[in-house]
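Any read-out appearing in this document is the output of simple, stated calculations on the displayed coordinates, not a laboratory observation. Remember, it's a predicted structure, so these values are computed and weren't measured experimentally. Note: ideal-geometry Cβ built from the backbone for every residue, glycine included; neighbour counts use all protein chains shown.
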Amino acid sequence: MADRVLRVGFVGAGENTRRRHIPGLRGVAGVELAGVVNRTAESTARVAQDFGIAKQYPRWQDLVADDQIDAVVVGTWPNLHSEVTCAALAAGKHVLCEARMARDVAEARAMMAASQAHPDKIAMLVPSPFGLECDTEVDLLLFRNFIGDLREIVVIGADDQFQDYTRYLHWRQDAAISGVNVLTLGILHETLSRWVPQPTRLFAQTQTFEPVRPNPVDSGDLPVTVPDSVQVLTQYASGARGIYHFSGTTLLGPGKQIHLYGSLGTIKILFGEHDRVFVGRKVDTELREITVPPEKLGGWRVEAEFVAAIRGEGPVRRTDFAAGLQYMEFTEAVSTSARDGMPVNLPQSDEACPVA
């Protein structure tokens, strides 16, 4: 594969595909943007014209079946991730699938099984962009025991993106499309999982403050089937405890943050245009911001790493299907706990159920 052109096809070409994946793949030598299929023939034609993609397809199944396509980028909404991914792997294609992995754990497990059935094909998920810049530095601080024994974790994703109830129903508010994940719960949990083991038990509550939103394609309203707000309490094998707060209706909210509190010190990460890392220990009177050295500064290399993995130049670091299945199990456990009003143990069995 390294000595010939890698021909990539796109199933779905939304904002992230246009803004990141297409330019990222264009920047890798020996990669051809070979085909595209979007939700409509008109949008497919626009993408092909805008980015000089050679071939258009009427159905995603036709692109996946084309022997002239080596790798498939799945940029659809989550409701198609599992079906397209499994079909592409079965057809002998490498797959880069947009996050979130799938709608639920059953679909994620199907994707995992498909990847295991085709171990010669690269199966990669688009990773959480949060923490990519500071990942190495935070890892090093934890390795050096900067905070001592981990005691408490705080994960926050609270803003006002869905505060305006007159706006059309967003796909992220429709469980049939989005699945059991809530807001940025899964993506920030994925970031945290780079630094902290998975919780062993959780208890969650959710709330939907406005039950309907205007229909984006017709008159009238549609039900909101994904909560506006979620709070989660987590327990860890080490004895540490965690609190998650996610909301799409928090006016002037704190945005996205992760805090790690230990017996000796604290690490606080704020996510925005760039990652900002604040640290402090017992001798300090307040947290101080640190600068990640250039040699440790990470960033977005998703498309280049996908191609490198296909060419045998390195493994998938961020994010393989096993890591994706972990965050899917977490988000489904949150949904189950909130629905049943009961704590849930992790990891879950194939037939997950709440525990007393």
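For every other residue with a beta carbon closer than 12 angstrom to the beta carbon of PRO254, add +1 if it is Lys or Arg and -1 if Asp or Glu, then tell me the sum.
Working: positive: LYS256, LYS268; negative: ASP159, ASP160.
Result for the neighbourhood of PRO254: 0.
Give the calculated FRET efficiency between THR40 and ARG281 to the nearest 0.05, with a Förster radius of 45 Å applied to their Cβ-Cβ distance.
On the way: r = 56 Å, r/R0 = 1.25.
About 0.20, to the nearest 0.05.
Counting only helical runs of four or more DSSP H residues, what would the 222 nm mean residue ellipticity of the chain come to if each run contributes -39,500 (n - 2.57) and the total is spread over all its residues?
Working: 10 runs with 96 residues, N = 356.
Mean residue ellipticity, 222 nm, calculated: -8000 deg cm²/dmol.
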_For the chain, take the longest principal axis of its alpha carbons; what is the angle in degrees between that and the long axis of helix 41-51, to the nearest 10 within 0 to 90?_
80 degrees
*asked:* Tell me the angle of helix 81-90 to the major Cα principal axis of the chain, expressed in degrees between 0 and 90 and rounded to the nearest ten.
replied: 50 degrees
_Derived scalar couplings ³J(HN,Hα) [region 167-181; Karplus, 6.51 cos²θ - 1.76 cosθ + 1.60; whole Hz; x for Gly, Pro]_ = 6, 4, 4, 8, 4, 5, 9, 10, 4, 5, 9, 8, x, 7, 5
*Have a look at ALA41, ALA99, ALA90 and tell me which one the Gaussian network model of the chain (Cα, springs below 10 Å) gives the largest fluctuation.*
ALA41
*Compute the acute angle (0 to 90°) between the alpha-carbon long axis of helix 105-117 and the principal axis of greatest extent of the alpha-carbon atoms of the chain; round to the nearest 10°.*
60 degrees
_Order 212-219, 170-177, 55-62 from most to least packed using the mean count of other Cβ atoms within 10 Å._
170-177, 55-62, 212-219
*Along the three principal axes, how long is region 135-298 when you take its alpha carbons, biggest first, rounded to the nearest angstrom?*
60, 34, 27
*Separation of the LEU297 and ASP120 label points, Cα + 7 Å toward Cβ, nm*: 4.2 nm
*Table column - 3J(HN,Hα) (Hz), region 185-201, Karplus curve with 6.51, -1.76, 1.60, x for Gly and Pro*: 4, x, 6, 6, 5, 4, 4, 4, 5, 6, 10, 10, x, 5, x, 9, 7
*Express in whole angstrom the spacing between the alpha-carbon centres of region 7-24 and region 213-242.*
28 Å
*asked:* Under 17 Å from a point placed 7 Å out from the Cα of ALA237 along the Cα-to-Cβ direction: which residues of region 307-331 have their backbone N that close?
replied: 323, 326-327, 330
*Describe numerically, in nm with one decimal, the distance between label points set 7 Å from Cα along Cα→Cβ at GLU289 and at ARG59.*
5.4 nm
_region 33-107 and region 169-205: distance between their alpha carbon centers, rounded to Å_ = 24 Å
*Which order do CYS86, CYS134 fall in if you start with the one that has the fewest other Cβ atoms within 10 Å?*
CYS86, CYS134
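Could you work out the relative contact order of the chain? I mean the mean sequence separation of Cα pairs under 8 Å and 6+ apart, divided by the number of residues, in percent. Mind showing how you got there, number by number?
Values: 736 pairs, mean separation 67.0, N = 356.
Result for the chain is 19 percent.
Nearest-5 percent of antiparallel DSSP beta bridges in the chain?
60 percent
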*THR319's amide H: which non-local residues (gap 5+, or another chain) put their own amide H closer than 5 Å, with H modeled 1.01 Å from N in plane and none for Pro or chain starts?*
LEU125
*Which cross-chain or sequence-distant (5 or more) residues have an amide H under 5 Å from the amide H of GLN161, H modelled 1.01 Å from N in plane?*
THR250
_Rounded to whole Å, give me the distance from the Cα center of region 290-352 to that of region 141-162._
16 Å
*Kindly give Rg over Rh for region 43-108, based on alpha-carbon atoms, with the Kirkwood expression for the hydrodynamic radius.*
0.98
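How many Lys pairs in the chain lie less than 21 angstrom apart by Cα atoms, where the lysines are 8 or more positions apart or on different chains? Provide the component values of the computation, followed by the final result.
Values: LYS55/LYS93; LYS93/LYS121; LYS256/LYS268; LYS268/LYS282; LYS268/LYS296.
Lysine pairs meeting both conditions in the chain amount to 5.
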*Restricting things to alpha carbons, find the Rg to Rh ratio for the chain using the Kirkwood radius for Rh.*
0.97
